[in-house]
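To keep things clear, I will list the structure first and then write my remarks on it.
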Amino acid sequence: MPYLLNNSRRVHLLGIALLLICLLGCQHKKDVLPDVARIEVVLAKNKPLLPIVFLEDSTHKQVTLDVYYFDANNSFVSPAVTPQFLVNGQPLSSNTYTFSQPGQFTFSAQIGNRKSDNELVVKVGSVADLISRFSITTAVPALNADSISRLPLIYELVDGKGRSLNPIDYPPISLSVNETRNPNNDFLSTQQAGEHRLQASFLGKRSDVLLVTARKPARYPLVRLPVIIHILQSANASQINPTSILADVNRTFRQNKRSTDPNQADAYLEFVPATTDPDGHPLTIAGLDILTVDNPSSIDTARAWVNRIVHHWCPQQYINVFVSLDWVRRYGRGYSYSYFPGSPGSTPLTCEQIQTIDWPTNDVPAIYIYDQWSFISLDHELGHFLGLVHTFQYGCSRSGLEVDVPYHVEAYPDASGLKYTCDRIPFVSQYVMDYYVPHNSFTYDQVKSMRRTLNVGSYIPKAVTRRGDQRSGAIPFRLEQGSIIPCQSQ
């Protein structure tokens, strides 16, 4: 009998176990979501998760949560389930939470026994405690004092861990110029010449001070320089129209091309086609000299021919431009180059003295254009001829370059059309003396350098027409002797 009772008890216990299994099986709809392979807690309306939230920031110190569901194929599914949201493991009464004190907050979601596969971690505190550096910078510390020039401004927010925060994710920064609220925080524009003191404010925290100099446009006497283009007899001279070519060059030198450069300046220089040859005879086509030779195979012969031609077309009377007659032959296909002005002598050379000079390859006072399709780079080469270097010439050495040109290395613009200074400050380049960009502008300081070269250069035409008044002087410019500047056709 005891045996039978014992077996009966076992049967009873087994039945209870089976009942529990059945009951647990009936719970799966509550604890397990059918067809859901992954659950993610996110901010509502696809808002980006900020790594830092500031207590002073009313825009972001309240967060609203949502849940995304994905199936095994990583596709969205929409089960009719209401999740329970948690912060630091404690349940919330709704899907909204407002930060009222500093700390680190971890958000998650739970549905039955199923927890979200991820967590959202947010650090919260005051601006004074979390921001280690707040600065305002710009690619160059200068701009024109006029109604159109805009100097772009860049702000940097860095937290205590050295992470850069994107200011665009937070409430707008407030900019003051000379202690007066600026109407825009993205750029500086002013008609008031002089030094300006810029300081920004972010949620009550003030940035370092940035000093920027605004300069009134400089005016110079207008100078017209005659140009003669020499082309080989085998080339198609009909492809070259000196008047049209120089008209486009003049648009650049006279500030008639629209540019984003905040220091774009009028050089008061114009280049005109020569109308007569050295003997005073009118040219059949103004500005064009069709040579009676073809490109020689010998570099020495090419240099000798160029020397002889430049002796005849005196560089004190003409700017000599050669098409396809390459006397250097050091650079590849598509390159043009220009003579860089020699050091000025105490006594200006005469055309008779110039005729006795046997210039070495790197000193011939002339410009080389690769072919008739490469005149797009003529404004660039004329900039070299008048003493300018590439904007990236000195890289990050911070020496020998105008202050209104960003320090940068040779590089293509990125997908957004931006280049970057050596300090990683973005800027838009439209400098004539840069590579891989539109040739739209010379800067204020570059114009000063070119005007200096006009006065001291050994091989600049002196028979020029001048008019207008001069209200600004020139700055010293270091001239390097014996340099050829090679340039790719843009």
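No value in this document is a laboratory result; all are computed from the given coordinates. Since the model is a prediction, treat every value here as computed from it, not as a measurement. Please note: Cβ atoms are built from the backbone with ideal geometry, for glycine as well, and neighbour counts cover all protein chains shown.
List of remarks:
- Cα long-axis angle, helix 242-253 against the chain (0 to 90 degrees, to the nearest 10): 50 degrees
- Net charge dipole size for the chain [Lys, Arg +1 and Asp, Glu -1 on Cβ; Debye, nearest 20]: 1480 debye
- Whichever aspartates and glutamates have a C-alpha closer than 15 Å to that of residue 257, once near sequence neighbours (fewer than 8 apart) are set aside: 248, 266, 270, 379
- Annotation: the antiparallel percentage among DSSP beta bridges lying fully within the chain is about 75.
- The chain, relative contact order in percent, only Cα pairs under 8 angstrom and at least six apart counted: 13 percent
- Unit Cα scatterers, Debye sum, the range 377-454: log10 I(q)/I(0) for q = 0.19, 0.21, 0.26 Å⁻¹: -0.77, -0.93, -1.36
- Karplus-derived 3J(HN,Hα), 6.51/-1.76/1.60, for each residue of the range 102-113, Hz, glycine and proline x: x, x, 10, 10, 10, 9, 8, 9, 9, 10, x, 9
- Protection-proxy order for peptides 434-442, 162-170, 75-83, each taking the mean of Cβ atoms within 10 Å per residue, highest first: 434-442, 162-170, 75-83
- Size check on the range 136-194: the Cα extents along the three principal axes, sorted descending, read 40, 21, 18 Å.
- When the convex hull of its Cα atoms is projected in every direction, mean area for the range 247-348 (nm²): 9.8 nm²
- Listed by chain and number, the aspartates and glutamates whose C-alpha is less than 14 Å from the C-alpha of residue 115, apart from same-chain residues fewer than 8 away, are 31, 40, 66.
- In nm, spacing of pseudo-spin labels at residue 251 and residue 281 (7 Å Cα→C-beta vector): 3.5 nm
- Within the shell of other residues whose beta carbon sits under 10 angstrom from the beta carbon of residue 428, the net charge comes to 0, with Lys and Arg scored +1 and Asp and Glu -1.
- Net charge, residue 140 excluded, C-beta distance under 11 Å - Lys, Arg +1, Asp, Glu -1: -4
- Reduced Cα scattering model of the chain, Debye log10 I(q)/I(0), q = 0.12 Å⁻¹: -1.04
- Angle in degrees between helix 444-456 and the longest Cα principal axis of the chain, rounded to the nearest 10: 20 degrees
- Estimated FRET transfer efficiency (residue 416, residue 174; beta-carbon r; R0 41 Å; 0.05): 0.95
- In the chain, the longest principal axis of the Cα atoms and the axis of helix 299-312 are about 60 degrees apart.
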